[in-house]
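The values are calculated or read from the model by the stated rules, or taken from the named source; none is laboratory data. Since the structure is predicted, the reported quantities are computational estimates derived from the model, not experimental observations. No Cβ is skipped: glycine too gets one built from the backbone with ideal geometry, and neighbour counts run over all protein chains shown.
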């Protein structure tokens, strides 16, 4: 069994510690592509109309106490942000794309969501690609549902992160996990509770493979259920290190349910429901051609901080260097009913959702739906 670590500048320093690791990245390319963009542009905010905020907030199911009303306002604001961004990106006239350069370069990445993101370049036996990551922080509601937060989010690392911190549990979690350019499954770590079972939206249990600790506190699956090549994790839930972790077989999906047994006496099991929305995806434009691609991001890391009633999801998407992508935009889908007052926007949103449901689950870097040959819905074709 080989252990696959992060394809990063740090990964090279770990070569002696994990001699069985393979497919490392080129340090200069990874470092040069490391970026952080966490804010929504002013242009995006300009497309958010007060009328839409009022309409959306009127459709929310929250009512009653002042705290519930505050939460409703925050949810409405998030919906308005994402909807305004979606409309501005989908209806804008695209300028002629630049000609591809002689050497492939990472695309220009724009984050059109209120969630923090990270861009890396990876290279392995499959080729050279851009790795796009996005973090969404959720608050755990009393009914076990998760609500995306636009304030109090767990941050993502940036280019100033020190190499010696890669194995540490920091306010942004573990840098090692965020610097891994591709994961084939979802790693799950829980603080203050034990993960009892994971079920899909139809109630069928999903396989969970327990991890064991290795050097520097990294964890991976070993034994008879281990693959020939296993990816490793640092078991952090925010700043807290935990001693247990599991990985799934394929990615955790919207609608999946995690049942937790909280620590302490007389604690009842709690079931958390992974939300369908906002659902992150990436909108791609290609150099030198009138072509476009749309692909969903995959949930590669899930941490649960039960004492803080917080869940953090790390999403990831990988894009081939060739054919060359000029622009990559992080965006997010909303529930159709939230857009009922705007039929055009609702149609675009729903068309994209139906399309990305057809995208196959990637089994290697460079997701299938990121190529320019997909049959996009007519509403979003160039």
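Annotations for the structure displayed:
- Selection status of residue 267, outside any strand (DSSP E or B), under 13 Å from residue 192 (Cα atoms) and modelled with pLDDT of 95 or more: no
Table: residues versus (1) buried (at least 16 other Cβ atoms within 10 Å of the Cβ); (2) closer than 23 Å to residue 262 by Cα; (3) over 21 Å from the mean Cα position of the chain (by Cα).
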| residue | (1), (2), (3) |
| --- | --- |
| 175 | yes, no, no |
| 181 | yes, no, no |
| 185 | yes, no, no |
| 194 | no, yes, yes |
| 201 | no, yes, no |
| 220 | yes, no, no |
| 224 | no, no, yes |
| 230 | yes, no, no |
| 235 | yes, yes, no |
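- Residue ID - surrounded by the most Cβ atoms within 10 Å (Cβ to Cβ), chosen from residues in the stretch 204-216 that are modelled with pLDDT of 95 or more and part of a loop (DSSP other than H, G, I, E, B): 211
- Tally of residues being part of a strand (DSSP E or B), over 18 Å from residue 242 (Cβ atoms) and in contact with a helix residue (DSSP H, G or I) (Cβ under 9 Å, 6 or more places away or on another chain) across the stretch 148-200: 1
- For the stretch 369-379, the criterion of being over 24 Å from residue 184 (Cβ atoms) and in a helix (DSSP H, G or I) is met by at least one residue.
- When the residues of the stretch 111-127 are filtered to those that are closer than 14 Å to residue 318 by Cβ and in contact with a helix residue (DSSP H, G or I) (Cβ under 8 Å, 6 or more places away or on another chain), the one that is surrounded by the fewest Cβ atoms within 10 Å (Cβ to Cβ) is 123.
- Some residue of the stretch 308-317 being surrounded by fewer than 21 Cβ atoms within 10 Å (Cβ to Cβ), touching a helix residue (DSSP H, G or I) at 6+ places or on another chain (Cβ under 8 Å) and touching a residue at least 60 places away in the same chain (Cβ under 8 Å): no
- Residues within the stretch 277-306 that are more than 13 Å from the chain's Cα centre (by Cα) and modelled with pLDDT of 95 or more, tallied: 10
- Failed criterion for residue 245 (all others in (1) closer than 30 Å to residue 334 by Cβ; (2) surrounded by 18 or more Cβ atoms within 10 Å (Cβ to Cβ) hold): (1)
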